[in-house]
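Asks: The structure under discussion is supplied below as structure tokens; questions concerning it will follow.
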Amino acid sequence: MATTTSLSFVLALAVFTLFFSPAFSTSRRALEHPKMQKGFRVRLKHVDSGKNLTRFERIQHGVKRGRNRLQRLKAMALVASSSSEIESPVLPGNGEYLMKLSIGTPPETYSAILDTGSDLIWTQCKPCSQCFDQSTPIFDPKKSSSFSKLPCSSQLCDALPQSSCEDSCEYLYTYGDYSSTQGILASETLTFGKASVPNVAFGCGADNEGSGFSQGAGLVGLGRGPLSLVSQLNEPKFSYCLTSVDETKTSSTLLMGSLASVNASSSAIKTTPLIRNPSQPSFYYLSLEGISVGGTRLPIKKSTFSLQDDGSGGVIIDSGTTITYLEESAFNLVAKEFTSQIDLPVDSSGSTGLEVCFTLPSGSTKMEVPKMVFHFDGADLELPAENYMIGDSSMRVACLAMGSSSGMSIFGNVQQQNMVVLHDLEKETLSFLPAQCDLL
């Protein structure tokens, strides 16, 4: 008999206990080192926050953005497996969450897109030869006493995927949809709430063009490379806790440095190794060994989710992609198993934008769905039903919040909601801890 769980479209979530380390100190002594000694907390705002959308509509909007991001990631995989030279590396860019921070002395506040798929921190700067519209004033480095251009001899200048040199280090970042940012690499003080972090390397972009950046005034890269915010901290780890996609009154949370610690003795924690891909060193690759639906371990070939020698394939975890995308052969098995275990007609209208949907009985607000487990290396992660099945009673439809892909699989942010997801770059591990994120 298949193992099922009940899904209601007005969901009550269980409360789990979180254990974080003590709050940071903002004393001058703690800030003297070029790298932050303690941690800090940042609130995250979903890009669709404040819009009059249902939960289902939010997913649909995210799926449209996610397809664009998936194409970028697949383009990167093709470049990685090709021996041909390109002018500049293709990077994913964009994301689903915004964070507020301040830059300079005195500090100027702006919103930036959080991106776990890239490294560079950047914002638009004056004088701007080409800039997109932003809701806050463009940063003027001449008005900041803590701004400093980085020399060409800087190790972080060497870490750029493409740079040039005149009197200082210049960069070019090109994204998969031909968006780009170009400018100088500099050092500046960034402030997150009450925590100031001095000497952070960032891109001061004077030529920024393309779509997808207009929600914020730049990006904050949280990838695994040396230029990312997390790599520039003294304690290279971070965690986030993403609220439910239909939660509009509370924000998600990002914890950096020491505040990202969790109680290792908790039996609810699931920890899996992070895998390195030399072709794509910024991404957080995981070892996915299989998937179970309703207690049935699917006959997915072991090689399906493996990282290939040429750098293609594999599974990444990404906060900037809405739903999970599985290699097509694995997705087809998942879809077939859900279809066989759910006793409802399949909706084949294609109107939802999702690949596997079911027609709900008239007036129905609940349904029984099979349990779903992702078997990562050392971590069997059972997902809550609302993290993989979404419904809309007015449309009389319920859909699997997953899709098919080729060349790469992505564990998306809907599957991560109401979990603390801890990235520890020093230990090279990733941990999941169930939580009620709107209470953090």
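The values are calculated or read from the model by the stated rules, or taken from the named source; none is laboratory data. Computed from a prediction, not measured in an experiment: that's the story for all the values here. Glycine also receives a Cβ, built like all others from the backbone with ideal geometry; neighbour counts cover every protein chain displayed. Ligands, DNA and RNA are stripped out before the accessible areas are found, and what is left, the full protein with its side chains, is counted by its heavy atoms. Shrake-Rupley method; radii C 1.70, N 1.55, O 1.52, S 1.80 Å.
Asks: Only residues in the stretch 141-156 that are surrounded by fewer than 13 Cβ atoms within 10 Å (Cβ to Cβ) count as the first member; pair them with residues that are modelled with pLDDT of 95 or more, Cβ under 6 angstrom, at least 6 apart or cross-chain, and list the lot.
Replies: Correct list of pairs: S145/T105.
Asks: Continuing with this model, one more query. If a residue counts only when it is closer than 22 Å to L120 by Cβ and open to solvent by 10 Å² or more (accessible area, probe 1.4 Å), which strands (runs of 3 or more DSSP E) contained entirely in the stretch 269-320 have at least 1 such residues?
Replies: Once the strands (runs of 3 or more DSSP E) in the stretch 269-320 are filtered for at least 1 residues that are closer than 22 Å to L120 by Cβ and open to solvent by 10 Å² or more (accessible area, probe 1.4 Å), what remains is 270-275.
Asks: Still on this model: Of everything in the stretch 370-395 that's small (G, A, S) and open to solvent by less than 10 Å² (accessible area, probe 1.4 Å), which residue is farthest from T339 (Cα to Cα)?
Replies: A379
Residues checked against (1) assigned to a strand (DSSP E or B); (2) of a type in the set (K, R); (3) touching a residue at least 12 places away in the same chain (Cβ under 8 Å); (4) within 14 Å of Q130 (Cβ to Cβ):
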| position | (1), (2), (3), (4) |
| --- | --- |
| G205 | yes, no, yes, yes |
| V220 | yes, no, yes, no |
| S228 | no, no, yes, no |
| Q232 | no, no, yes, no |
| F238 | yes, no, yes, no |
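Asks: Then there's this: Which condition from (1) under 27 Å from E235 (Cβ atoms); (2) not in a loop (DSSP other than H, G, I, E, B) is the one that L160 breaks?
Replies: For L160, the exception is condition (2).
Asks: Any idea how many residues of the stretch 135-185 are β-branched (V, I, T) and either touching a Gly at 6+ places or on another chain (Cβ under 6 Å) or farther than 23 Å from S111 by Cα (or both)?
Replies: 1
Asks: Continuing with this model, one more query. Quick check on my filter: what residues within the stretch 358-368 are over 20 Å from L298 (Cβ atoms) and open to solvent by less than 80 Å² (accessible area, probe 1.4 Å)?
Replies: T359, L360, P361, G363, S364, T365, M367
Asks: Oh, and also: Of the residues L185, L190, which single one is hydrophobic (A, V, I, L, M, F, W, C) and in contact (Cβ under 8 Å) with a residue 60 or more places away in the chain?
Replies: Only one candidate qualifies: L190.
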